[in-house]
1. So who's got an amide H within less than 5 Å of the one on E158, skipping anything under 5 residues away but keeping other chains? H placed 1.01 Å off N, in plane.
2. So what is Rg over Rh here for the range 139-341, counting just Cα atoms and using Kirkwood for Rh?
3. What is the distance in Å between the Cα centres of the range 347-403 and the range 38-83?
4. Could you sort the peptides 38-51, 375-388 by per-residue average Cβ neighbour count (10 Å cutoff), highest mean leading?
5. What 222 nm value per residue comes from the helices of the chain, counting each DSSP H run with n ≥ 4 as -39,500 (n - 2.57) and dividing by all residues, nearest 500 deg cm²/dmol?
6. Towards the positive end of the charge dipole of the chain, with charges on Cβ (+1 Lys, Arg; -1 Asp, Glu), say which of A251, A156, L339 has the farthest Cα.
7. Residue by residue, what Karplus-based ³J(HN,Hα) values in Hz, rounded to whole numbers, does the range 308-320 have, using 6.51, -1.76 and 1.60 with θ = phi - 60° and x for Gly and Pro?
8. Roughly how many debye, to the nearest 20, is the charge dipole of the chain about its Cα centre, given +1 on each Lys and Arg Cβ, -1 on each Asp and Glu Cβ, and no other charges?
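Only the coordinates and a few stated rules stand behind these numbers; no lab work does. Only a predicted model underlies this, so the values are computations on that prediction, with no experimental measurement involved. Reconstructed Cβ throughout: ideal geometry from the backbone, glycine too, with neighbour counts over all protein chains shown.
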Amino acid sequence: MAAVPETLGAVEERMAEPTARGLADAVARAVAEGVLAAGEKLPPIRTVAVQLGLSPTTVSAAWNLLSRAGTVQADGRRGTVITARQAGPARYRSALRGGGDLFALDLSTGTPDPALLPDVTAALRRLKPPAEPATYLDDPVLPELAELLRADWPFAAERITVVDGAMDALQQIAATHLRFGDRVAVEQPCFPPLLDLLDSVGAVPVPVDVDDDGPLPGRLAAVAASVRAVFVQPRAQNPCGAALTGARASALARALRDTDALVIEDDSAGAIASAPPLSLGSELPERTLHVRSYSKSHGPDLRLAAIGGPARLVDPVVDRRFLGQGWTSRLLQSVLVDLLTHAPSVRTVARARVAYATRRARTVEALATHGIDVPGRDGLNIWLPVQDEAAALLLLASRGIGAAGGGPFAVGPGGSPHLRVTVGLVATGHRELARHLADAATAAGQSVRS
């Protein structure tokens, strides 16, 4: 029992307010700082309540928040213990496991085709050095880039800023606007790095099923009142290729109308998506943060994305970045300005958009001749239903083809097995690829082993 006062003292030092959320935040910080270690037992609820001056109900509610976030778990007679949770891209790494140089055709990556990107080297040659060096006090966004972004934004955003890619945008937004234990609605299936990110900040993902037009309004309405935020990919949804229609966007906005949930949109495909750039911000501009990435359309190494929305939500993100990287390289912003205005580069991106749509459509049509239907209509990937995920991956691997297992894309247990296949990388041979994918879809563990 000697450790009990020491443990509670560490928690009490970190507790900003005498509430369940405040206690949960304090325990989470103590875990993150290494003060509380995995496997360590928390004191009994009544002991915590007495020492911290809280009610047992408040402590129980805090333990429930921590349990839902995966920070603690009830362990029978041992009581409540800290789990061995590790922040990091665990799901993302799992989804990409076994890729790289192992396959003649690696379709596990979700990345764009380098042959379809505009020439960044030529853009660098066209750049003229600024008349004066940039300073720490300059605006984070080049004025000419801000003008281009506003002209192409899907709603009238009060404020726009530039960050280091879509995942940086989501991380900055989550760290700024989400708190430990917040419930957030996410698409089912979901992009694994987003689930890893939510896990790292202690947010609790709540799955909302999707169809070809995006999240189902009825499913969203059922959870809308209980969530702090809703994450949506408005087009080229990764992994299943859903894309919002105008009617669906309006229905989702109605489902959220009487709540205060934030809307966070990840338009990661950007200019190479074939669907129009729709946003719930057209109807909920006061609480929508729209993220537009330029990595897949203009080059992954640019690491550029923009965030647009109301000043009350964007400004805190900008302020928070000044505690770290400060701003995104204005030299890279200048490259993007060139690529967005240089006519040949604009045509290259337009051709890429058509090429990706064609490649996906040809693979989907070829799969249909084998009796296999896949959802969605946009983006680089298809969401292939299979009988046995491990067997499907093994069969494809035996034929020199890599794909991503569907498990890491699932929010929680259950669901039918799938593979994510990046067909946007396949320029020719769609019928042959479809034959391999059809064989994988029907593969079973026993038949593969034999």
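1. G309, A311
2. 0.94
3. 46 Å
4. Sorting 38-51, 375-388 by mean packing, highest first, produces 375-388, 38-51.
5. Details: 18 runs with 189 residues, N = 450.
Taking each H run of at least 4 residues, the total per residue is -12500 deg cm²/dmol.
6. Of A251, A156, L339, it is A251.
7. Computed from phi, the couplings for the range 308-320 are x, x, x, 4, 5, 9, 7, 4, x, 5, 4, 5, 5 Hz.
8. 620 debye
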